[in-house]
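As structure tokens, the structure follows; a few thoughts come after it.
The values are calculated or read from the model by the stated rules, or taken from the named source; none is laboratory data. Every value quoted in this text rests on a predicted model; they were computed, and no experiment measured them. For the accessible areas, the whole protein counts, side chains as well, though only heavy atoms, and no ligand, DNA or RNA atoms are used. Shrake-Rupley method; radii C 1.70, N 1.55, O 1.52, S 1.80 Å.
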Amino acid sequence: ELVLKVRIQNPNLKENDFIEIELNRQELTYQELLQVSCRELRVNPEHVQKIRKLPNTMLRKDKDVARLQDFQELELVLAVSEKPSLFRAPAHSEQSGYNKKASELTY
């Protein structure tokens, strides 16, 4: 088995820990990596825009996956519209004239 560290890419989370997944070395394909990662992280594979090998390499094909080594760190980059906490509608109590984001800006 090949053991990889995977997480969802989200710079807005304070804690964004990796989980370890195992892939059968006989079935090292991009599709298998995507399926196992999504199942373990509870993400719909259709929402994954790309898989990034940290720090800055995009995985695109089976040969890229075949070169991975144990404990390499990967991120699932989700489509922007699938980040629910970033685009939620404000609650009724938050709709006053007070702009919370503006009050947090530093100059």
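Side notes on the structure shown:
- Highlighted here are the strands (runs of 3 or more DSSP E) found entirely within the range 18-82 that include at least 1 residues which are farther than 12 Å from Arg7 by Cα and open to solvent by less than 20 Å² (accessible area, probe 1.4 Å): 19-23, 57-59.
- Condition met for Val77 (modelled with pLDDT of 95 or more and of a type in the set (A, V, I, L, M, F, W, C)): no
- Taking the range 1-17 as the range and being among the charged types (D, E, K, R) and either more than 15 Å from Val77 (Cα to Cα) or assigned to a loop (DSSP other than H, G, I, E, B) (or both) as the test, the residues that pass are Glu1, Lys14, Glu15, Asp17.
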